[in-house]
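The values are calculated or read from the model by the stated rules, or taken from the named source; none is laboratory data. Because the structure is a prediction, the values reported are computed rather than measured. A quick note on method: Cβ atoms are made from the backbone with ideal geometry, for glycine too, and the neighbour counts reach across all protein chains shown.
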Amino acid sequence: MFVTFEGIDGSGKSTQVDLLRDWLVGEGHEVVVTREPGGTELGEGIRQLVLNGPEMTPWAEAALFASARAELAERVIRPALQRGHYVLCDRFSDATYAYQGGGHGVSREWIRALAEVVHPDCNPDATLLFDLPPEVSRERLARSRSEGRTLDKFEQEADSFFERVRAAYLERAAAEPGRFRIVDSTRPIDEVRGALASIVAAL
Ligand code: ADP
Ligand code: TYD
């Protein structure tokens, strides 16, 4: 089963990917955890380039994220699914739809066409959308910054950008209710963890 984790920056995805992996491993499953952009040598390079590199147009960003995704689908996700493992992926194509589409105005049609070309046979079975208002994630990110973590390019965007990203995610969830599960991630970590375990058990 291929499960993706989506939401605005600081919504708690990475925290819950680790907790869900531990739970699934405890249940006796083989689990592969990966992230986007990243998860392959090229993907990690693209991550550095997009998050910490030169200014670029949203189209260039979308195309670079798609290249990282092509590598990840081919080299990591498909092989793991063929071995019968769970794949938990921190972001996938819905992030391009939300950030470059909703946040930066790249045509949704073009993003959809790109996904169809890049990973036609590799789509998530379930997508967990960590939903919360940007002001809440902003407070969480401020806390991690005070603990020494630096904010990347997207994390420095205004709340209005994240409102658009959030709205695009919710639009996507409404269009594909069978795949998406919306998780209220304003709740404490342990409550969110419990909710995810129930969702995945039901799946
Ligand atoms: P993301 O991967 O979505 O950017 P993280 O999992 O890195 O989010 O969480 C961002 C910050 O918020 C971290 O400091 C994390 O400890 C904290 N955090 C995560 N989930 C919660 C939660 N449910 N309540 C409060 N703080 C949280
Ligand atoms: P990441 O560290 O994964 O985000 P988070 O702070 O949520 O843990 O950083 C990835 C950044 O890249 C994040 O700000 C979202 C952005 N992104 C896009 O804009 N488009 C995409 O297609 C993907 C995969 C990520």
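Points worth noting:
- Residue in the range 174-196 that is more than 15 Å from ligand 1 (Cβ to nearest atom) and within 23 Å of VAL25 (Cβ to Cβ) present: yes
Every residue, every condition in (1) more than 14 Å from the chain's Cα centre (by Cα); (2) surrounded by fewer than 21 Cβ atoms within 10 Å (Cβ to Cβ), yes or no:
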site	(1), (2)
PHE92	no, no
GLN100	no, no
ALA113	yes, yes
ASN123	no, yes
PRO133	yes, yes
ARG149	yes, yes
ALA175	yes, yes
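- Among the residues of the range 120-161, the ones that are modelled with pLDDT under 90, part of a loop (DSSP other than H, G, I, E, B) and within 13 Å of ligand 1 (Cβ to nearest atom) come to 5 in all.
- Considering (1) closer than 15 Å to TYR99 by Cβ; (2) crowded, with 17+ Cβ neighbours inside 10 Å, the lone condition that GLU163 does not fulfil carries the number (2).
- The listed residue being within 13 Å of ligand 1 (Cβ to nearest atom), surrounded by 17 or more Cβ atoms within 10 Å (Cβ to Cβ) and not hydroxyl-bearing (Ser, Thr, Tyr), out of ASP18, ASP9: ASP9
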